[in-house]
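J.: Please find one structure pasted underneath; my questions will follow.
Where a number appears in this text, it was derived from the coordinates with a stated rule and is not lab data. Keep in mind the model is a prediction, meaning the values are calculated, not measured. Cβ: placed from backbone, ideal geometry, glycine included. Neighbour counts: every protein chain shown.
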Amino acid sequence: MPNRNPRSHLATHEVTNQAAALEDVNLFASDAILMFACDWSGANAHRERLAAFGARVGAAETQAWAAQANRAPPVFLPFDRFGRRIDEVEFHPAYHQLMALGLEAGVSGAAWTVTEAGHALHAALMFLMGQADYGVCCPMSMTYAVVPALRASPEIAAEWEPRVTACGYDPRFIPAAEKRAATMGMAMTEKQGGSDVRANTTRAERQFDGSYVLTGHKWFCSAPMCDGFLTLAYADGGLTCFLVPRWRPDGVRNEIEIQRLKDKLGDRSNASSEIEYRGAWAQRVGDEGRGVRTIIDMVQFTRFDCIIGAATQMRQAVSLAAWHVERRAAFQKKLIDQPLMRAVLADLAIDVEAAVALTFRMAQALDAASDPREAALARIGLPLAKYLVTKRAPTVVVEAMECHGGAGYVEEGPMPRLFRQSPLNAIWEGSGNVIALDVLRALAREPDAREALMDELRVGGGDAGFSAVATEAEMLLAKPSA
């Protein structure tokens, strides 16, 4: 919260020419780019909901929660004071305030419960939430993205989908069956393989009642206090997807042991852990041997959230820069009136508008996935957009930081946190080379995806420069590499 009545008249000088903090601003109603994207993508059907949420996330109180949650990162509690194993993570109260704010607004569940433009609504809500704190968006994203994967096993979906799509937050560490709303995580990668999940060594043994027991480890498990996780392990039939809840059906804590929390560059409010399955109880999701195919349905939507996240960071960085230069003077002029500064901000604004447009075009494709052409566009467009937008975000954030001068490099302000967060979305859910290979596979094996991409590029043919690039792309795509 802002300090009350600070003194500007000091013993040696008067404090002037300082831009106030950007707070108590409606982050939806003040964003013409976002409102326009919502208009053409269909999310404007939820305009009142978005405006109300924009006011909440832009409030000084919410921005203070974000700062607090990042200054006081999560703490791992392996044992209670009596020496009994508990494997819990303790968060600052501000983290729970942010989680409640986003989940109650429907950041995770709205896409699956509204009847119109659900994924566009999700994109707008996540775009706004990320401008408060992006760390809490990680569990919100996984909870949103898990729904299609759960549907591979209708009986599991019937139990879990109502909880993960509910507009609510229950931080208590109790069995999910006792909650109205639950959160879900994902743990795929292991030490020896990383993105090569087929190198995993975690084993799953089928039990007489159809459940499984998992033994092994996961190298990255973010938001370990989620109520359950989708994970990969080898069963007799091959690599398989499993749901591992934090509690067993008999009310005993499941044998998921947290080894430690990662000390990360950014994303400080969000806990990322290393875990071991020591005979953890699990349910199979989908068929044995179809684990990658099952969980990739979740990955498609978490990749979508990576695009949203990168666009969010770009937008926030440029908004903060514009706010600063409109209020700071140098050499007898406001910084915004300096020609070079205007040119820099204009270039950055174009990057932001392009990122937002691409993000909401992907939302539009997901909302229209019953149309084969739109589904094909989403298949190729999501990895392409993830590569393009997430790679661009750190550059935009750094340039925006320079607009603040030395003030942008000081930890008390928002730019350092934004800077540390900016590389994450390019790494999460497949770094650049992994994404590039996925694009090449889609181009080589899915002609419908290639044609949908070319149809999309041809739409922009009104600009001569763009048309030339589209023509060159069409020539390259005629014989894609395998």
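J.: The range 58-79 to the range 225-267: how many Å between their Cα centroids?
T.: Comparing the Cα centres of the range 58-79 and the range 225-267, I get a distance of 24 Å.
J.: With no solvent and one point per C-alpha, what does the Debye sum give as log10 I(q)/I(0) for the chain at q = 0.12 Å⁻¹?
T.: Each listed q maps to, in turn, -1.09.
J.: When the dipole is taken about the Cα centre of the range 206-264, and only Lys, Arg (+1) and Asp, Glu (-1) are charged at their Cβ, what size is it in debye, to the nearest 20?
T.: Computed about the Cα centre, the dipole is about 260 debye.
J.: Under 5 Å between amide H atoms, partner at least 5 residues away or on a different chain: which partners does Ala329 have, H built in plane at 1.01 Å?
T.: Leu335
J.: Listed highest first by mean packing, meaning other Cβ atoms within 10 Å per residue, what order do 264-275, 24-35, 125-136 come in?
T.: Peptide ranking by packing, descending: 125-136, 264-275, 24-35.
J.: Related question: I'd like the Karplus ³J(HN,Hα) series for the range 254-270: coefficients 6.51, -1.76, 1.60, θ = phi - 60°, whole numbers in Hz, and an x wherever there's a Gly or Pro.
T.: Per-residue couplings from phi come out as 5, 7, 10, 9, 6, 8, 5, 9, 6, 9, 9, 4, x, 6, 5, 5, 9 Hz.
J.: How much net charge surrounds Ala280 when only the other residues with a Cβ under 12 Å from the Cβ of Ala280 are counted, with Lys and Arg +1 and Asp and Glu -1?
T.: Taking every Cβ under 12 Å from that of Ala280, the sum is +1.
J.: Out of every Cα-Cα pair in the range 324-438, what percent are more than 26 Å apart?
T.: 35
J.: Name the long-range amide H neighbours of Asp267: under 5 Å, sequence gap of 5 or more, or other chain; modelled H, no Pro or chain starts.
T.: Gln421
J.: List every residue whose amide H lies under 5 Å from the amide H of Val285, counting only residues 5 or more places away in sequence or on a different chain, with H placed 1.01 Å from N in the peptide plane.
T.: Cys241, Phe242, Leu243
J.: Looking at this model, which pairs from Lys179/Lys262; Lys218/Lys262; Lys179/Lys218; Lys191/Lys264 are more than 24 angstrom apart at the alpha-carbon?
T.: Lys179/Lys262; Lys179/Lys218
J.: Treating cross-link reach as a plain straight distance, find the aspartates and glutamates whose alpha-carbon is under 12 Å from the alpha-carbon of Lys334, omitting any fewer than eight places away in the same chain.
T.: Answer for Lys334, where 12 Å is the Cα cut-off: Glu326, listed by chain and number.
J.: Could you list His13, His46 so that the one with the fewest beta carbons within 10 Å of its beta carbon is first and the one with the most is last?
T.: Ordered from fewest to most neighbouring Cβ atoms within 10 Å, His13, His46 come out as His13, His46.
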